[in-house]
Structures are given as structure tokens and as C-alpha cells.
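Encoded as C-alpha cells, the structure appears first; notes follow it.
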Amino acid sequence: MNQFILKTEIPAGTTGVSNHFLDYYMPKANGEYVKVYLYLLRALRHPSRELSVTILADALEHTESDILRALKYWEKQKILRLECNRANELQGIYLLEIPLPDYATEPLVCQQNEVSKNSLPAKKAYSRNDLSQFSGQAECRQLLFVCEQYLKKSLSPSEIETLLYFYDQLHFSADLIEYLVEYCVCKGSRSIHYIETVALAWAEAGITTVQQAKERTTTYTRGCFAIMKAFGINDRNPVEPELKYIEKWLQVYDFTLELVLEACRRTMERLHKPSFEYADRILKKWTDQKVHNLEDVKALDQAHKKQGQQTKTTPAARSTGFSNFEQRDYDFDKLEQQLLQSQ
């Protein structure tokens, strides 16, 4: 593969990593992607060093496809720009200055109101004086009025406290809370408990703007229903534990929807019932084996089938009710037994 030129607008000096990258971009990225970016930073301090996708792949013990996926991911995050020729061959990588995300105003370590995944504030009871102070704020009065219109009823004291919890302790803006309530109502639920569940999920995901919330809900709307349908679940929306699995598959593992649906199909074929845990085991195995597309899966199937033919005379190749499943070497037998016994 052709060599490329590495350029930057980052000031020269020692190999440094932007705090914005560490605070905002690194936590959400696949670890392999982070390694690629850090290697590029280090390479900048050696301008005479030859670089190519092949060299990066060898240095980091990745495939060339892994390297290209990482580069495209970081380009999508707008922290680098890929420069290609007319034949779409990579000619250069331009490392950009790390931008502060729209939802942030300063590094996370300095934010006083940061809501972390493991330290969501507990809901507190508000005194009459507290409620009186909130009612004196025009924004709060307007927020409660709008929520009443969406919920089509007068708010109870506990519902008011929950909405104030979003505003006062989770630090959601009034616009974000209005969108939250609108979203839940459109999903068919006016339950304050359901609204709170969604709010906590958004807080854990670091969502602080309406735009971020819309991007999350759009992604789920596009992928969730296809995944639920693949599991034969057509009568309800996914619950939060299921959403977390879907987020992991589509965003952390960065699998295509096509691959996720294949894992769901194999889960149903093996267990004859939906299981997000079982599908997650399949996808975790695939990410460990550097699977990127269905062709990679087919290659694994062929290798497993060949290995099974070579060992079919040994006790390990015992016949079971699921012996026609080609993914026998995925070592899910114990999990399968537990899941079947739970029926």
C-alpha cells in the first residue's frame, strides 16, 4: 500500500496529548482506535520515519482494515483529515487541533457539575422553601407548564420533584427536559418512572444538549427496531439493559447493523428465544477475532467446520440437539444450559 505524508496544525514540541482528547474523545473510543491516534502523535516527532497503513498495521499488530477503520473513525470525530488521490488511495493524514465538543465548556476534571456514570446524584426531597424559590424562576414555571401539556394532567408533588431533579441535580437544560418528556410521550409512555429511567440513561451517556439526545434517539430508532424484530420482539420498545447492549454493539464494537443482525439470527437459531446476553457473547468473540463483515464470519465458519470434521471422532464432538449449528467452537455451552434452564 502507498506511503502517506503525516502533517499537523498541533504546535511542535514533545509528544503531548490534548486534554480535550483525554477528557472527551478517548473515553468513548475503541481502545484500538486510541492506539492508532497515539502512534500518529508519536510519529509526528520523527518526520523522517516512513509511514503507511501497512507499517501502522505491523507496528500495532492490527490488520490494515483495522487501521483504516480507526482513521475513518477519527476523521468522523473531526480530529484528523484524510487526504486521498483520485484513486482513493491515502496520500496524507492531517492531524487537527482537538476541538472542545459543543456540549462542553471546559475540561471534565474542572467541571463542578459533571455527572459521571458511576456517581449520579441521588434524588433529594425539596422543602417548601426550595419549591418556592424554583416557582419564582420563570424558566422553571414555563418548564412545568409545558410538561403538564405533554402529560395531559396536573403534576403531582412527586412528579414536580422528579422534574426538578433533572433540572437541579442532573443539570439538564429546560429545553432538554422538554424534549425528554416529548420523546417519552411519543414512545407511548406518560409514566414519570419511565421518563426518569430515560433521563438517567442520558445522564450516564453524557448527554447535555437536545442535539445529542436527538442523535442518540435517531440511532436507536434506526437500529433498535431492526434488532428487536430480529429477536421476534414486536410488541414493545427495548428496555434500558437492552439499549445498553445495542449501544455497545453499534458504538463501542462499531459493528455494522448487518453483523449485529447476524448475531441475533444465530442466537435465535441456537436458543430458539431472544437473548441479548448470548448475542453479546457472539459479538464479543467476533470483535476479539477482528471480524468486520459477513465475509469474515463466513471464513470463521469454514475454519470451524473444517476443525469439527477433523475432530468429529473425538468425545469433544458429541452429538446434541443443536449439532447442526456451525458455531460449535464458540464455547457457549454453559451459558446455553443456564439460559435454557431459566425458561
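Please treat every number below as a calculation from the coordinates, not as lab data. As the structure is a prediction and not an experimental result, all values here were calculated from the model. Cβ atoms come from the backbone with ideal geometry, glycine included; neighbour counts cover every protein chain shown.
Could you put Met26, Met228 in order, starting from the residue whose Cβ has the fewest other Cβ atoms within 10 Å?
Details: Met26 16, Met228 19.
Ordered by Cβ neighbours within 10 Å, fewest first: Met26, Met228.
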Exercise. Around Thr218, with a cut-off of 15 angstrom between Cβ atoms, what is the net charge of the other residues, counting Lys and Arg +1 and Asp and Glu -1?
Worked result: +1
Problem set entry | Subset of Lys72/Lys290; Lys273/Lys306; Lys78/Lys214; Lys28/Lys244; Lys35/Lys284; Lys187/Lys229 violating a 22 Å alpha-carbon distance limit | Lys273/Lys306
Exercise. Which of Asp66, Asp58, Asp296 comes first, and how do the rest follow, when ranked by fewest Cβ neighbours within 10 Å?
Worked result: Asp58, Asp296, Asp66
Exercise. How high is the relative contact order of the range 113-204, in percent, counting Cα pairs under 8 Å that sit 6 or more residues apart?
Worked result: 38 percent
